[in-house]
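Please treat every number below as a calculation from the coordinates, not as lab data. Keep in mind that this is a model prediction, so the values were computed, not measured. Ideal geometry is used to build each Cβ from the backbone, glycine not excepted, and the neighbour counts take in all protein chains shown.
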Amino acid sequence: MSGEKRAAKIVEKDYLDMKSLAMFKEEINNLKNLDHPNIIHLFDVYEDEVWIHLVTDLCEGRELFEEIISRQQFSEKDAASII
């Protein structure tokens, strides 16, 4: 083990319709094949009948969405500086 901290995102499949689930799985496959310093790294995926578990880099700090809703205006330049 490397001792590095990771994040886990857990998605309940029942909340996704068939089309959304297919799109989500396609996005997972795309993330598996990406290796870029500005895109979160997907280390592993575990799936059972009810859940999909994603293991990714740990990104600490606020959610970008939280920052967007806290401001009246939000530009692409603002997003770039935060990310």
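Any idea what angle helix 18-32 forms with the longest principal axis of the chain, computed on alpha-carbon atoms, 0 to 90 degrees, nearest 10?
80
If R₀ is 22 angstrom, what is the calculated FRET efficiency for the pair L31 and Q73, using the beta carbon separation as r and rounding to 0.05?
Working: r = 30 Å, r/R0 = 1.38.
Given R0 = 22 Å and the Cβ-Cβ separation, E is 0.15.
Counting other Cβ atoms within 10 Å of each Cβ, which GluC sites (Glu not before Pro) in the range 1-53 have at most 13 and sit in a DSSP loop? Mind dumping the intermediate values first?
Values: sites: E4, E12, E26, E27, E47, E49; in loops: E4, E49.
Passing sites in the range 1-53 are E4, E49.
Which listed residue (G61, N38, Q73) has the Cα farthest towards the positive end of the charge dipole for the chain, taking +1 on Lys and Arg C-beta and -1 on Asp and Glu C-beta about the Cα centre?
It is Q73.
Relative to the Cα centre, what is the charge dipole magnitude of the range 1-51, using +1 at the beta carbon of each Lys and Arg, -1 at the beta carbon of each Asp and Glu, and rounding to the nearest 20 debye?
Here the range 1-51 has a charge dipole of around 200 debye.
Could you pull out every one of the lysines with an alpha carbon less than 27 Å from that of K25, ignoring same-chain neighbours closer than 8 positions?
K5, K9, K13
At 7 Å along the Cα-to-beta-carbon direction for both T56 and H41, put a label point, then send me their distance in nm to one decimal.
1.5
What's the longest bit of the chain with no exposed trypsin sites (Lys or Arg not before Pro), using DSSP loop states and at most 10 other Cβ atoms within 10 Å as the test?
Working: sites that count: K5, R62, R71.
No qualifying site falls inside 6-61, the longest such stretch.
Express the Stokes-Einstein translational diffusion coefficient of the chain in µm² s⁻¹, to the nearest whole number, given a Kirkwood radius over alpha-carbon pairs, 10 °C and a viscosity of 1.306 mPa s.
On the way: Rh = 15.0 Å.
Diffusion coefficient, whole number: 106 µm²/s.
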